[in-house]
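Single-structure report; data block below.
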Amino acid sequence: MHLDDLIQVVSWEEAEPALRAIRTIVFIHEQQVPEAMEWDEFDAISVHLLACDAAGQPVGTARLLPDGHIGRMAVLKEWRGQGFGSAMLRKLLQELTRRHQQKAQLNAQTNAVPFYEKFGFQVLGEEFMEAGIPHVKMTLLLK
């Protein structure tokens with residue numbers, strides 16, 4: 001099975017338990033993001049991706065806000081480095097192109113900048129702190 005086949009577009013309503021579980025492990029437990037910052041009104045209106053392993057168990061998630069902002073990209077620690085993050089990002093960029101968006105944007109943790117740069121994203125502006133973690137704004141012009 002191809003990795004892209006393991007990633008599906010889901011709504012918040014249909015996949016909330018799995019999305020919450022992954023984000024809780026990655027953001028709240030691993031990165032110590034305050035729980036109050038993790039859940040917001042954008043979840044209900046965003047497009048969500050859910051990555052699952054070959055057995056159907058959730059291993060990653062990402063979301064796309066209506067304005068084209070990519071966020072909440074998370075892969076469980078034991079699945080990192082196996083291509084799920086790249087596959088989810090490719091799928092989100094395809095969705096943005098399908099929507100005729102002119103650019104993709106995101107706030108990246110500074111340690112993730114090289115990952116996004118491989119896709120052509122560029123840093124915009126200075127480093128800032130979000131939930132005690134250094135971030136930078138990044139953008140990618142779409143064709």
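The values are calculated or read from the model by the stated rules, or taken from the named source; none is laboratory data. Since we're looking at a predicted model, the values are computed, not measured. Glycine also receives a Cβ, built like all others from the backbone with ideal geometry; neighbour counts cover every protein chain displayed. With ligands, DNA and RNA removed, areas are computed over all heavy atoms of the protein, side chains included. Shrake-Rupley method; radii C 1.70, N 1.55, O 1.52, S 1.80 Å.
Key figures for this structure:
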{"quantity": "Inter-residue pairs, beta-carbon under 8 Å, first farther than 29 Å from Gln101 by Cα and in segment 53-79, second of a type in the set (Phe, Trp, Tyr) and modelled with pLDDT of 90 or more, 6+ apart", "calculated": "Asp53/Trp79"}
{"quantity": "Restricting segment 115-135 to residues that are assigned to a helix (DSSP H, G or I) and more than 19 Å from Asp67 (Cβ to Cβ), the residue that is least open to solvent (accessible area, probe 1.4 Å)", "calculated": "Phe115"}
{"quantity": "Every residue from segment 17-27 that is open to solvent by 70 Å² or more (accessible area, probe 1.4 Å) and within 14 Å of Glu78 (Cβ to Cβ)", "calculated": "Ile25"}
{"quantity": "Hey, Ala112 within 12 Å of the chain's Cα centre (by Cα) and not in a helix (DSSP H, G or I) or not", "calculated": "no"}
{"quantity": "Qualifying residues in segment 1-55 (those that are among the acidic types (Asp, Glu) and not in a helix (DSSP H, G or I)) - the one farthest from Ala112 (Cα to Cα)", "calculated": "Glu41"}
{"quantity": "Set Glu35, Glu30, Glu41, Glu14: member being farther than 16 Å from Met88 by Cα, over 15 Å from the mean Cα position of the chain (by Cα), touching a residue at least 12 places away in the same chain (Cβ under 8 Å) and surrounded by fewer than 16 Cβ atoms within 10 Å (Cβ to Cβ)", "calculated": "Glu30"}
{"quantity": "Residue in segment 69-78 that is crowded, with 19+ Cβ neighbours inside 10 Å and in a loop (DSSP other than H, G, I, E, B) present", "calculated": "yes"}
